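Asks: One structure, pasted below without further comment.
The values are calculated or read from the model by the stated rules, or taken from the named source; none is laboratory data. None of the values given here were measured: they were computed from a predicted structure. Glycine also receives a Cβ, built like all others from the backbone with ideal geometry; neighbour counts cover every protein chain displayed.
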Amino acid sequence: MLKITDLRARLDAEDDAAIEILKGVNLDIPAGEVHAIMGPNGCGKSTLSYVAAGHDGYEVTGGSIAFEGEDITEAEPEERAAKGLFLSFQYPVEIPGVPTLTFLKEAANAQRKARGEGPISAPEFMKLARENAAKLGISNDMLKRPVNVGFSGGEKKRMEIFQAMMLAPKLLILDETDSGLDIDALRIVADGVNAMRAPDRSMLVITHYQRLLQYLKPDVVHVMSAGRIVESGGPELAEQLEAEGYDKYATEAA
């Protein structure tokens with residue numbers, strides 16, 4: 001579903017000497033699989049998620065990104081979203097004055113229009129919203145608020161997963177969704193993510209720690225260091241990293 005080949009990227013700056021953050025990333029995620037990327041701070045994990053989603057703060061200097069066999073390296077963020085790519089941010093932004101459900105309905109209909117589909121009806125949308133909110137313990141009061149305004153860190157993360165459920169992407173990228181979550185919130189978020197697993201949906205989970213992966217149970221774990229993926233393995237690799245840390249890979253990357 002997602003195939004990244006020799007991807008190189010840096011911050012989008014006028015200075016040609018801007019430091020390259022991604023230095024030849026190769027990653028292949030088949031449909032239906034959950035992959036995790038672990039690594040130390042500054043290794044390029046979040047940058048990879050932003051570049052895959054088309055964030056305009058980065059410049060691709062080499063390589064390619066293919067989604068369902070189509071090259072999307074130069075595609076705009078909204079094009080990628082319409083094709084079914086969703087990024088859950090490490091730090092979800094607040095949008096004052098914009099009600100959550102209004103925002104989501106407009107986003108859903110914009111994506112449906114881009115795919116040549118008709119708009120979702122109000123009754124169908126509200127039924128889906130109530131069902132998904134119940135799965136995540138999201139109250140009606142939370143749904144009525146502006147996007148992420150007045151929410152705790154854990155509530156914002158739950159709302160990100162709620163947004164994903166409403167938009168039903170083909171590829172879900174979770175950028176450190178476990179950051180700042182207590183045990184109860186982590187379990188609720190993980191249950192919501194697990195509920196979205198499907199043969200035609202893939203996920204890329206970016207995290208520092210094993211605790212989220214204990215709930216999600218990824219098919220493949222990748223280790224990232226110094227802008228590259230330096231090792232891949234099964235879930236046991238996450239346990240090894242938890243016990244031994246990243247020093248070995250930092251040395252190898254250097």
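Asks: If ALA75 satisfies all but one of (1) in contact with a helix residue (DSSP H, G or I) (Cβ under 6 Å, 6 or more places away or on another chain); (2) modelled with pLDDT of 90 or more; (3) part of a loop (DSSP other than H, G, I, E, B); (4) not basic (Lys, Arg), what's the number of the condition it fails?
Replies: Only one criterion is unmet by ALA75, namely (1).
Asks: Quick test for you: out of VAL51, VAL93, pick the one residue that is at pLDDT below 90 and among the β-branched types (Val, Ile, Thr). Talk me through it step by step, then tell me what you get.
Replies: Details: VAL51 fails: at pLDDT below 90.
Going through VAL51, VAL93 in turn, the sole match is VAL93.
Asks: Filter the range 78-105 down to residues that are in a helix (DSSP H, G or I) and either among the small types (Gly, Ala, Ser) or farther than 26 Å from GLU131 by Cβ (or both), then give me how many there are. Spell out the reasoning first.
Replies: Taking the range 78-105 and keeping what is in a helix (DSSP H, G or I), we get 78-83, 100-105.
Subsequent filtering for residues that are either among the small types (Gly, Ala, Ser) or farther than 26 Å from GLU131 by Cβ (or both) retains 78-82.
Qualifying residue count for the region: 5.
Asks: Residues being more than 12 Å from ILE229 (Cβ to Cβ), assigned to a loop (DSSP other than H, G, I, E, B) and not charged (D, E, K, R): count how many of those fall in the range 21-42.
Replies: Number of matching residues: 6.
Asks: Would you confirm whether or not the range 223-244 contains a residue that is in a strand (DSSP E or B), free of Cβ contacts under 8 Å to residues at least 60 places away in the same chain and farther than 15 Å from LEU48 by Cβ? Explain how you work it out, then say what you get.
Replies: Keep residues of the range 223-244 that are in a strand (DSSP E or B), which gives 223-225, 228-233.
This time we only want the ones that are free of Cβ contacts under 8 Å to residues at least 60 places away in the same chain, so: 230-233.
From the residues that got through so far, the ones that are farther than 15 Å from LEU48 by Cβ too are 231, 233.
Yes, because at least one residue in the range 223-244 is in a strand (DSSP E or B), free of Cβ contacts under 8 Å to residues at least 60 places away in the same chain and farther than 15 Å from LEU48 by Cβ.
Asks: Also, quick follow-up: Has the range 33-44 got any residue that is β-branched (Val, Ile, Thr) and buried (at least 21 other Cβ atoms within 10 Å of the Cβ)? Can you show your working first?
Replies: Step one: of the range 33-44, the residues β-branched (Val, Ile, Thr) are 34, 37.
Retained after the next criterion (residues that are buried (at least 21 other Cβ atoms within 10 Å of the Cβ)): 34, 37.
The answer is yes; a qualifying residue exists.
Asks: Taking the options PRO199, PRO235, PRO218, name whichever one is more than 22 Å from ARG10 (Cα to Cα), surrounded by fewer than 20 Cβ atoms within 10 Å (Cβ to Cβ) and out of contact with any Lys or Arg (no Cβ under 7 Å at 6 or more places or on another chain).
Replies: On the way: PRO235 fails: out of contact with any Lys or Arg (no Cβ under 7 Å at 6 or more places or on another chain); PRO218 fails: surrounded by fewer than 20 Cβ atoms within 10 Å (Cβ to Cβ).
Every option except PRO199 fails the conditions.
Asks: Here are GLU59, GLU94, GLU76: which of them is in contact (Cβ under 8 Å) with a residue 12 or more places away in the chain, among the charged types (D, E, K, R) and within 30 Å of ASN140 (Cα to Cα)? Even if it seems obvious, please write down each step before you answer.
Replies: Details: GLU59 fails: within 30 Å of ASN140 (Cα to Cα); GLU76 fails: within 30 Å of ASN140 (Cα to Cα).
Answer to the check: GLU94.
Asks: State all residues of the range 43-72 that are over 19 Å from ALA18 (Cβ atoms) and not in a helix (DSSP H, G or I); if no residue qualifies, say none.
Replies: SER64, ILE65, ALA66, PHE67, GLU68, GLY69, GLU70, ASP71, ILE72
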